[in-house]
Amino acid sequence: MKPDLKGDLKTGHLFYLALTDKRLSMLKTILIILGLLFLAFVGYIVSLFMRVGKPVNAALSDSYYQHRWKNKIIYSPMGNWFELGYTELEADPETFTVLSREFAKDKQQVYWKDNVQNVDLASFTIDEQGTPRDAQHVYYHFDYGDSLHIIKNADAQTYETYKPIKQEWSYYAWGRDKNAIFLNGNKLDVDRATFTVLNSTLAIDTTNTYIIYRDYTQIGGARAEVQVLKKAAYPDGLPKVISENYVQFGNTLVLSNWNVDFSMLTFDKIESIKIIDERNLVVNSDILVSDGERIERVDIASLEIVNRDFIKDKQQVFYDRKKITEADAATFTPVYEEYSKDKTYVFYKDQILKDANPATFTYDFATDVATDGKLKFKDGVVIE
């Protein structure tokens, strides 16, 4: 019996057509699903970008917004919800009122940023200086955390914030009431009537000299951690502000800066002062004062501030006020931070790095390692 080739071909063709129809149907289903997923994704993205509506009060705050389609209030710093955050508040939209950039209230509670605060709603206000208070308390808000802090011992009726100096040297929050002076929410142990801030780092009252101290080794919460510390008795003479960190009292120079907490340097007579930079002064045309310390036998005519920590004249080189004894001033050059070199030696701070070759000495930022190609150094110490 001969095989029915025509019949087999027809059957195969029908099977192929059926299989093709099935694949096309599956492909259509997949395309529909992908299309729906794409539309859902687009809808989600649109909803993200469109949910932030108009500011509640654009004149006072760029952080509180109406939801575009929900009956909600949104807190989003500067409206930058993608990077800075987005919170839907459990607030009453009908009575929600913006008080300042970061404060608001409704009929039930007060908000600082997106956090409900434990304050007296009926009497809570933000005064013209931006100080939050109610009938009983004055409040201070740190740069971190969720809650306002009561300023202890502050009189809510007479408390005011103020800038003690015209210069924009300090961003700390100063306050005062009828009894005391406050800094960043803390009461100071100073004479209220005569306390005077001189510059960004020094203050006085009738009996004492104070530093306005910030620990620069601490990271975070810097505003809260600043302190006013008593350092010495009030020196002779009226104060004359020289710079951000120096004050002159008669024949005495007082300094406080990031490198030296406090220095009081007295001269036989001060006839003139020339400011070189925030750390260095020339007194009476021939005396160098660096970070509140008198540096002896410096040739002022050839004085050069090499960088933040190195200074030199035509014959001497100093690191952080210490003389680098073996350094050749003519060929001296800094390498990086504490490292330097001249034609003969390599130095770490004010000390020679033994056997280091200045001709090939370099510093690698990525590894924090210095090398001359043979020896390697970490913080001035030879490493393997």
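Using the alpha carbons of region 130-234, what is the convex hull volume per residue in cubic angstrom, as a whole number?
So the per-residue Cα hull volume is 102 Å³.
Given a Förster distance of 56 angstrom, what is the FRET efficiency for E271 paired with L36, based on the Cβ-Cβ distance and rounded to 0.05?
0.05
In whole Å, what three semi-axes, largest first, describe the equivalent ellipsoid of region 236-294 built from its Cα gyration tensor (square root of 5 times each eigenvalue)?
After scaling each eigenvalue by five and taking roots: 15, 13, 10 Å.
Debye calculation, C-alpha points only, no solvent: report log10 I(q)/I(0) for region 50-117 at q = 0.13, 0.16, 0.22, 0.28 Å⁻¹, in the same order as the q values.
Treating every Cα as an identical point scatterer, log10 I(q)/I(0) equals -0.27, -0.42, -0.83, -1.40.
In whole angstrom, and with the biggest value first, how far do the Cα coordinates of region 49-208 range along each principal axis?
Ordered largest first, region 49-208 gives principal extents of 63, 32, 25 Å.
Determine the relative contact order of region 236-294: mean sequence separation of Cα pairs under 8 Å and six or more apart, normalised by residue count, in whole percent.
That works out to 24 percent.
Toward the positive end of the charge dipole of region 263-370, about the Cα centre and with charges on Cβ (Lys, Arg +1; Asp, Glu -1), which of N357, S302, F332 goes farthest?
S302
When N counts the residues of region 117-164, how does its alpha-carbon radius of gyration compare numerically with 2.2 N^0.38 Å, as a ratio?
The value comes to 1.10.
Expected output is a single nm value to one decimal: the length gained when fully extending between N259 and D236, i.e. 0.36 nm times separation in residues minus the C-alpha distance. What is it?
Answer, rounded to one decimal: 5.8 nm.
Provide the packing ranking of 111-119, 340-348, i.e. peptides ordered by the mean count of other C-beta atoms within 10 Å per residue, highest first.
340-348, 111-119
Connecting C-alpha atoms closer than 10 Å in a GNM of the chain, tell me which of D236, D189, D364 has the biggest fluctuation.
With Cα springs under 10 Å in the chain, the top fluctuation among D236, D189, D364 is at D364.
Which entries of K163/K269; K105/K187; K72/K113; K274/K323; K274/K343; K354/K374 have Cα-Cα distances beyond 24 Å here?
K163/K269; K105/K187; K274/K343
Based on DSSP H runs of at least 4 residues, each adding -39500 (n - 2.57), what is the mean residue ellipticity at 222 nm of the chain after dividing by all its residues, to the nearest 500 deg cm²/dmol?
-5000 deg cm²/dmol
Quick one, which of (i) 21.7, 77; (ii) 24.5, 76; (iii) 34.9, 134 is the actual Rg and Dmax of the Cα atoms in Å calculated for this model?
From the options (i) 21.7, 77; (ii) 24.5, 76; (iii) 34.9, 134, the structure gives (iii).
Please give the peptides 267-275, 175-183 ranked by average Cβ packing (other Cβ atoms within 10 Å per residue), highest first, as a rough proxy for protection.
The packing order, highest mean first, is 175-183, 267-275.
Treat every Asp and Glu Cβ in the chain as -1 and every Lys and Arg Cβ as +1, leave all other atoms uncharged, and give the resulting dipole magnitude about the Cα centre to the nearest 20 debye.
Roughly 1620 debye, rounded to the nearest 20.
Quick note: the coordinates plus some simple rules give every number you see, no bench work behind them. The structure presented is a predicted model; accordingly, all values stated were derived computationally and were not measured. Because the Cβ atoms are built from the backbone with ideal geometry, glycine has one as well, and the counts that use them run over all protein chains shown.
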